[in-house]
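The values are calculated or read from the model by the stated rules, or taken from the named source; none is laboratory data. Given the structure is predicted, the values throughout are model-derived calculations rather than measurements. Methodologically, a virtual Cβ is constructed for each residue, glycine included, from the backbone with ideal geometry; neighbour enumeration extends over all protein chains shown.
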Amino acid sequence: MACLNREGQGSITERTWQSWLSKSQVAPQPGKLEILDRLASHLGREGPAYSESYYRDAACGGLAERLFAPTKVRTVGNLLFERAAAYEPQSALHLHLDAIDVAAMTTGFGDVVGSVVRRIAAARLLEILHSRWNPRSGRLYREWSKGASLRWLGGEPLSLEVDQRPNAFEVLLDRMLRFGFGPNSQTVGIAEDLPAEQIYKLLFALAADAQFLTVRGLEVWAMDAVSAALALFAYAWTTKYETFSIRPTPERCIYSALEAVFLREEPIASLEWDIGIGMEQIPAKWNAHCWRTFELGREAYGTMSARLGFSGGELREIVAETMSAEPHQYHAGRLD
C-alpha cells in the first residue's frame, strides 16, 4: 500500500481503495483510474495488455462510449457505422465488457432506434471475434504458434525457392507459420470461409477439437465464447421473428447451447438437451471428450467472472431485460 500511495501521491486515498475492494457497487471516478493506470505502468505492467488507459477504458470506456459520444450531426446512421468500424478493444477483457454492454443496449441515438444501434455494435464485436478466431488467419493462432514454430524449426526461418515447384508439405508448413496452427476444420465442422457474423459457430464447435483446446488457454476461449454468445443475441434479436422465433433456428439453438454451457448453474450433464440442439446445427465430430471440455470451460469462465464481480446468472438477466424491452408481438394469423 505504501508503494501505491507514493506513486499515487495521495490521490488514491485509503477510503477509495476500500470502496473499490468492497462488495458494494461503486462507480470509480475516471481521474482515479488514470492514476491507477500510471501506477500499473510504474510497477512494470508493460506491453500490449497494459496501455496508459487500460483500467480507465475497462471501467468507463468501450464501444458504447464511442458510439454515444455527443455530436452535432443530425443524421447519425453513417456516423455510427464509422465509429464502430474504427473501434478496437485493448484486450479480450475489454471485448467481453463491450459484449455485456451491447447485450443490454436498447437506447437509440439521434435518429437511429436502439435496436439498430445494437445491431451495428454487435456486428462490430463479431468482426473483432472473427479477426481473433477465423479459421484462415485468426491472429490468436499466430500468437499461440510462434513459440512452437521456433522450436520446430530450431529458430531458423522457412525459405522456399521461388524458381522451383514447392513441395506440398512445405507450402502447408509455410502457411501454418504465417497464419498459425488453428483447429482442425474437419473436426470442428466449420468451413474456412466462415463469415464474421457466424463466428459464434466456431467458438462453440472448438470443444470438439480435443487436441487444440487442451494446449490452448481455456480461459481465453471461454471468455470469447461468452462474448460471442452475447454478441450473437444482441445481433440476432434485432430480427427476432426470423432468428429467435419459436422455430429451432441456428441462432437460437447455438445461443441456447452457449448459455447452457457457460451461464447456467445446473450440471452440464443435466443440460444435454439444451447443448445437444446446438450440436445438431454444426457437423462437428462431437465426442465424449467435448463434455469435459465444456465443464472445464465453465469452470474457467466462472473463476474469471467471479474475480470481476458478476455471475452467469446476472448476464442471463441482462439478456432477459433486453428481451422484455423489445418483446415478440404476434398478430392473429401469424405463427413463427
Item checked: Failed item, numbered, when residue 110 is tested on (1) surrounded by 20 or more Cβ atoms within 10 Å (Cβ to Cβ); (2) over 18 Å from residue 201 (Cβ atoms) -> (1)
Checklist line | Residue among 292, 307, 252, 298 that alone is of a type outside the set (A, V, I, L, M, F, W, C) and in contact (Cβ under 8 Å) with a residue 40 or more places away in the chain | finding: 298
Next item on the list: For the stretch 173-180, indicate whether the set of residues that are under 29 Å from residue 255 (Cα atoms), at pLDDT below 75 and buried (at least 18 other Cβ atoms within 10 Å of the Cβ) is non-empty.
Entry: yes
Notebook entry, point to check: Does residue 127 satisfy being more than 28 Å from residue 314 (Cα to Cα) and either among the hydrophobic types (A, V, I, L, M, F, W, C) or not in a loop (DSSP other than H, G, I, E, B) (or both)?
Noted result: no
Check: Of all helices (runs of 4 or more DSSP H) completely enclosed by the stretch 184-296, which ones contain at least 2 residues that are of a type in the set (S, T, N, Q) and either at positive phi or more than 17 Å from the chain's Cα centre (by Cα) (or both)?
Finding: 185-188
Margin query: For the structure I just gave you, tell me whether residue 307 is outside any loop (DSSP other than H, G, I, E, B), over 21 Å from residue 213 (Cα atoms) and at pLDDT below 95.
Written below: yes
Next item on the list: Within the stretch 83-103, work out how many residues are of a type in the set (D, E, K, R), in contact (Cβ under 8 Å) with a residue 24 or more places away in the chain and part of a helix (DSSP H, G or I).
Entry: 2
Next item on the list: Find the residue count for the stretch 71-116, including only residues that are at pLDDT 95 or above and basic (Lys, Arg).
Entry: 1
Note to self: Can you confirm whether residue 103 is hydrophobic (A, V, I, L, M, F, W, C) and closer than 14 Å to residue 231 by Cα?
What the structure shows: yes
Next item on the list: Among the numbered conditions (1) among the charged types (D, E, K, R); (2) within 21 Å of residue 139 (Cα to Cα); (3) without any contact (Cβ under 8 Å) to a residue 12 or more places away in the chain, tell me where residue 266 comes up short.
Entry: (2)
Notebook entry, point to check: Looking at this structure, is residue 109 touching a residue at least 24 places away in the same chain (Cβ under 8 Å) and in contact with a Leu (Cβ under 8 Å, 6 or more places away or on another chain)?
Noted result: yes
Margin query: Which condition from (1) modelled with pLDDT of 50 or more; (2) over 30 Å from residue 76 (Cα atoms) is the one that residue 157 breaks?
Written below: (1)
